[in-house]
Amino acid sequence: MAMRQTPLTCSGHTRPVVDLAFSGITPYGYFLISACKDGKPMLRQGDTGDWIGTFLGHKGAVWGATLNKEATKAATAAADFTAKVWDAVTGDEVLTLAHKHIVKSVNFTQDSNFLLTGGNDKVLRIYDLNKPEAEPLEIAGHTSAIKKALWCNNDQQILSAADDKTIRLWDKNTKESVKTLSFEATVSSMEYIPDGEILVITYGRTIAFYNAHSLDLIKTVDAPASIHSASLHPDKDFFVAGGDDFKLYKYDYTTKEEMESYKGHFGPVHCVRFSPDGELYASGSEDGTLRLWQTAVGKTYGLWKCVLPEELSSENSEALYCPPAEIKA
């Protein structure tokens, strides 16, 4: 008997959810932050989707959000020409970093001391969070708005994706571009996997995997629809992707074969990420919700409590218990 995927629905946002990120695993579990066009990023318990708090202070759509590994700090990028740093425990605003245009991307170094930002003014900025009054280090070179900027290679290098249809690898110290990848379509998303130095990018219907050091292509997979985001499982067994057709696709990373697809959202999927333990993946959509999906359907984990078929008596074999289809977290 096939098990039915039952996503947990996290409501609360009033506009499209455009970015999400998980923290690392902490003594208190792991956490999830979501960026939304309603201007109110939210923090949730990662394994259940339970709402913890909302970061209030932006005066425009929030395009990017991230947590540091320990989930003690959050950062957000917004249309009000600012990036903000928050205390993720109290919810208090710690810093507002003024920019010259819409900010799209924020990313902490591993030690949480520096914040990398990128946005519509085409410039990468590195802020020393211990010296907030100091001018940021600026790196220019992109010819269109920057969509995503990430630290890589032990925070010595930076990967950036922009609307100029390029991904560039930069040296932090020299501020020079080391390598450039060019595409026929705008890159819609980028994920960096430090373990194995893998770069996951999406453009058009394509999900592509690159070596993050050399920017050599590892493999590409074409999906049935235009894809906005993809994420590789921590064990690199499979990856998930979502896009224009409201579906979540799961592929075998080795064979590139589609394993399953699920429809749950009522609008295009803008972002998808695996949890740090790989037990679930979260998706954010135009429909204003986040959904949490089980990696191994039918496993008891978080709010999912499932009885395996062999545990049921024969006369009740059809009464497989899984949560109801709509679980509001």
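The values are calculated or read from the model by the stated rules, or taken from the named source; none is laboratory data. Not measured: the values here are computed from a predicted model. Heads up, the Cβs are rebuilt from the backbone with ideal geometry, glycines too, and the neighbour counts pull from every protein chain shown. Side chains included, ligands, DNA and RNA excluded: accessible areas come from the protein's heavy atoms. Shrake-Rupley method; radii C 1.70, N 1.55, O 1.52, S 1.80 Å.
So, in the stretch 250-292, of the ones that are among the acidic types (Asp, Glu) and in a loop (DSSP other than H, G, I, E, B), which residue ends up farthest from Gly29 (Cα to Cα)?
Checked the stretch 250-292; the qualifying residue farthest from Gly29 (Cα to Cα) is Glu257.
Leu199: closer than 15 Å to Ser105 by Cα and in contact with a Phe, Trp or Tyr (Cβ under 6 Å, 6 or more places away or on another chain), yes or no?
Against the criterion (closer than 15 Å to Ser105 by Cα and in contact with a Phe, Trp or Tyr (Cβ under 6 Å, 6 or more places away or on another chain)), Leu199 does not qualify.
Quickly run through the stretch 189-198 and pick out the residues that are open to solvent by 30 Å² or more (accessible area, probe 1.4 Å) and more than 12 Å from the chain's Cα centre (by Cα).
Once the filter is applied, which keeps residues that are open to solvent by 30 Å² or more (accessible area, probe 1.4 Å) and more than 12 Å from the chain's Cα centre (by Cα), the stretch 189-198 yields Pro194, Asp195, Gly196, Glu197.
Among the strands (runs of 3 or more DSSP E) confined wholly to the stretch 1-95, which include 2 or more residues that are open to solvent by less than 30 Å² (accessible area, probe 1.4 Å)?
Working: elements: 8-10, 17-22, 31-36, 42-45, 51-54, 62-67, 73-78, 82-87.
In the stretch 1-95, the matching strands (runs of 3 or more DSSP E) lie at 8-10, 17-22, 31-36, 42-45, 62-67, 73-78, 82-87.
Residue-wise test of (1) among the basic types (Lys, Arg); (2) closer than 30 Å to Thr6 by Cβ; (3) assigned to a strand (DSSP E or B); (4) open to solvent by less than 20 Å² (accessible area, probe 1.4 Å).
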| position | (1), (2), (3), (4) |
| --- | --- |
| Thr202 | no, yes, yes, yes |
| Ala208 | no, no, yes, yes |
| Ile218 | no, no, yes, no |
| Leu248 | no, yes, yes, yes |
